[in-house]
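Peer 1: Before we start, here is the structure in question, set down as structure tokens.
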Amino acid sequence: MARRNPQQPIKDPILAVVKPEPEPSVDELTKNDKKQTDLAASGAPPAGRTTLDEAKRQGPMGFLQLLGPGLITGASDDDPSGIGTYSQVGSQFGYGLLWTALFTFPLMSAVQELCARIALQTGVGLGVSLRRKFPTWLVGIAILGLLVANTFNVGADLGAVAAGGQLLSRGALHALWLVVPVALLIIGMQIFVSYATIFKIFKWLTLALFAYVITAFFAHPQLLEVIKATFIPHFEFTKDFLMALVAVLGTTISPYLFFWQASSEVDELTAAGATSEAGRRGLKKAELHAARADILIGMAFSNAVMYFIILTSAAVLHAHGQTGIQTADQAAAALAPLAGPFAFIVFAVGMIGAGLLAIPILSGSACYAAKEFVGLRGNLASKPRYRPTFYVMLALATVVGVVLNFVHLDPIRALFISAVINGVVAPPLLLLIVLLGADAGVMKRYVSGKLSLILTGIATAFMALAAGGMFLMMFAGH
């Protein structure tokens, strides 16, 4: 085991005050389970990004190993808040917003690819890169908006998972009884489970989202209407429609995904042995190709789930006059008498799995953004005893979400506020990220090309226009 350097104090604010001690070695700092240790002792390759060539040589299992931050980021986008938004959109406007699934796919893929490329090239998280290039106050405002939106999202998602448990128990378990156990389960996983195991759990939880693809087969949608709505954009210049569009965009191209994607890429490099910033800096083509494949699959999966939730809600709820659906649990409950009990069970199980996947990512991305902005150390691979400040931040983000449920915050209002904040924060933050990706001094030969600039520019402009149009309609009273 590597020895500590007695001259270098540990770099954590809590330990610096409570119990000053030397900075640990990399081996001491990293959480490792017995299985990982045995693999390392046997000469197996270290954890980290699998390349496309390696995936091809290993066959189907190799392509499964290729999937990582991109898949998990895409799947976490379909959290209970997103499920509630898509259900509301489908129940209120029918098939009218199905086209947004196709429209947002290339945009969110380009945005996430840019975030991954910046992280792989610089070797640091997005918060650090933004703080180094732009005024601190400007980046700070954007990150503050992210923290507020994530806090509401965590609270709403905890309530949705608990509501899903109540629905499956047919009311035998009250939703509020389940909020604290769910929160403790998530905090415990983040604190005690190794980084590699956490990501394996996340990958398995993505399977829960297939529930919404299955549910669509119970909906019996009208095929011609679905095809038309998928490929021909539909617009209504009303406050409700623009609000729904902003909510879909804010839920799909969410600021927390930018930070999680970048931080996950850095953590993957760290897990592969690049423990210093200098060692991580400098993008390799094989890494970029693997990251792009992972991101494209993850975003396609995310948008397919979004598409099927809107389709199911439109075909079942809107078609039967159920236009007042506001949350994921209301959608699940409404499906039972209309599409049968099995559809209701599948929908509710998917909601629980999606929440268990998304909540730690929401709290984690907020903590990554905050600690990168203020220059703290710590990540999910670190042992809590050496990076307590990072884990205290993680726990606080979840605890605030729990409190929001017990003060009876209206979950519909919480979802609306978080969607609006996401819709408002995303455009200026995206603009900063686009400018960073276009900076040849930072990105070297991996500076953004024309296609990336066009797609990320469209995403930034369209989200800004949608948010501006929504506020204009609200102030105009239409």
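A short reminder: the numbers here are calculations on the coordinates, not readings from a lab. Owing to the predicted nature of the structure, the values given are computational and were not obtained by experimental measurement. We place every Cβ from the backbone using ideal geometry, glycine too, and count neighbours over all the protein chains shown.
Peer 1: Ranking request for peptides 259-269, 431-441: highest mean number of other beta-carbon atoms within 10 Å first, then the rest in descending order.
Peer 2: Per-residue mean Cβ counts within 10 Å order the peptides as 259-269, 431-441.
Peer 1: Farthest toward the dipole's positive end in segment 48-476, which of Gly188, Ile352, Leu207, given Cβ charges of +1 (Lys, Arg) and -1 (Asp, Glu) about the Cα centre?
Peer 2: The one lying farthest along the dipole's positive direction is Gly188.
Peer 1: Now for a separate question. Starting from the 7 Å offset along Cα-to-Cβ, what nm value, one decimal, do you get for the label separation of Leu396 and Lys11?
Peer 2: Those two pseudo-labels are separated by 2.1 nm.
Peer 1: Please compute the modelled spin-label separation between His174 and Leu224, points set 7 Å along Cα→Cβ, answer in nm with one decimal.
Peer 2: In this crude label model, Leu224 to His174 measures out at 5.2 nm.
Peer 1: Report the FRET efficiency, 1/(1 + (r/R0)^6), for Lys200 and Lys19, where r is their Cβ-Cβ distance and R0 is 35 Å, rounded to 0.05.
Peer 2: 0.60
Peer 1: Applying a 10 Å radius around every beta-carbon, put 298-309, 81-92 in order of their mean neighbour count, most first.
Peer 2: The packing order, highest mean first, is 81-92, 298-309.
Peer 1: Separate question: Would you work out the charge dipole size for segment 48-476 about its Cα centre, treating the Cβ of every Lys and Arg as +1 and the Cβ of every Asp and Glu as -1, and quote it to the nearest 20 debye?
Peer 2: 1220
Peer 1: Kindly rank 225-235, 100-110 from highest to lowest mean number of other beta carbons found within 10 Å of each residue.
Peer 2: Output ranking for 225-235, 100-110: 100-110, 225-235.
Peer 1: Another one. Pull up all non-local amide H partners of Glu23: gap of 5 or more, or a different chain, and H-to-H distance under 5 Å with H placed in the peptide plane.
Peer 2: Residues meeting the amide H criterion: Asn5, Gln8, Ile10.
Peer 1: Continuing with the same structure: Subtracting the Cα-Cα distance from 0.36 nm times the residue separation, let me have the gained length for Val403 to Phe217 in nm, one decimal.
Peer 2: Roughly 63.2 nm would be gained on extension.
Peer 1: Taking the simple approach of a point 7 Å from Cα along Cα-to-Cβ for both Asp27 and Ala286, what is their distance in nm?
Peer 2: 2.6
Peer 1: What does the extension gain come out to for Ala461 and Val447, with contour length at 0.36 nm per residue minus their alpha carbon separation?
Peer 2: Full extension of this stretch gives 3.0 nm more.
Peer 1: Report the FRET efficiency, 1/(1 + (r/R0)^6), for Phe192 and Phe134, where r is their Cβ-Cβ distance and R0 is 45 Å, rounded to 0.05.
Peer 2: It comes to 0.75.
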